[in-house]
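**Student:** What follows is a structure written as structure tokens; I'll ask about it next.
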Amino acid sequence: MFDDNKDVLARTIYGEARGEYARQDGGLPALIAIANVIINRAKHKRRFGQTVRDVCLKPYQFSCWLEGDPNRTVIEIISDDNDLFKTCLDVAHRTLHGSWPDLTKGSDHYHADYIAPFWAKGQRCQIKIGRHLFYRLES
């Protein structure tokens with residue numbers, strides 16, 4: 001359905017962090033950080049996927065792409081006449097081209113601060129941006 005790395009990355013950013021954009025402790029860094037994690041995962045091709053698109057669409061990795069998740073419908077129909085999605089497209093473009101720094105310190109996982117996933121137990125958080133905690137699990 002979505003073939004372009006930039007488009008799928010932007011939709012994932014939008015689905016995972018659009019609520020963070022308006023937060024004082026989130027903003028643009030919250031969007032960039034999600035993109036950073038995806039780019040960092042793309043560096044581990046054998047585990048997460050061969051392309052950025054593969055990483056984003058890999059089953060059970062990003063909740064916004066789960067079947068039945070209400071965010072999925074939103075990200076499938078969003079278009080670039082939405083200002084925040086335009087920003088996500090810009091973040092995706094700049095991240096794919098190495099124009100943004102890695103705000104996550106090499107993180108390849110994250111979760112919202114109001115949940116406690118099993119994989120985070122005993123792991124050291126690299127940084128918190130908005131309501132997301134970021135972790136580096138891969139070497």
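A short reminder: the numbers here are calculations on the coordinates, not readings from a lab. Computed from a prediction, not measured in an experiment: that's the story for all the values here. Here the Cβ is made from the backbone with ideal geometry for all residues, glycine too, and neighbour counts use every protein chain on show.
**Student:** Which residue pairs have Cβ atoms closer than 6 Å, lie 6 or more positions apart in sequence or on different chains, and pair a first residue in segment 80-107 that is touching a residue at least 40 places away in the same chain (Cβ under 8 Å) and among the hydroxyl-bearing types (Ser, Thr, Tyr) with a second residue that is surrounded by fewer than 19 Cβ atoms within 10 Å (Cβ to Cβ) and part of a loop (DSSP other than H, G, I, E, B)?
**Tutor:** Taking only residues 6 or more apart or on different chains, the pairs are SER107/ARG136.
**Student:** Another question, if that's okay. Considering CYS64, CYS88, CYS56, CYS125, which residue is farther than 14 Å from ILE13 by Cα and either surrounded by fewer than 18 Cβ atoms within 10 Å (Cβ to Cβ) or hydrophobic (A, V, I, L, M, F, W, C) (or both)?
**Tutor:** CYS125
A quick yes/no check of all residues on (1) farther than 16 Å from ILE127 by Cβ; (2) surrounded by fewer than 15 Cβ atoms within 10 Å (Cβ to Cβ); (3) of a type in the set (Ser, Thr, Tyr):
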position	(1), (2), (3)
ARG11	yes, no, no
GLY26	no, no, no
GLN50	yes, yes, no
SER79	yes, yes, yes
HIS93	yes, no, no
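**Student:** Among the strands (runs of 3 or more DSSP E) confined wholly to segment 68-139, which include 2 or more residues that are hydrophobic (A, V, I, L, M, F, W, C)? Outline the logic, then answer.
**Tutor:** Details: elements: 109-112, 125-129, 132-135.
Where strands (runs of 3 or more DSSP E) fall fully within segment 68-139 and carry at least 2 residues being hydrophobic (A, V, I, L, M, F, W, C), they are 125-129, 132-135.
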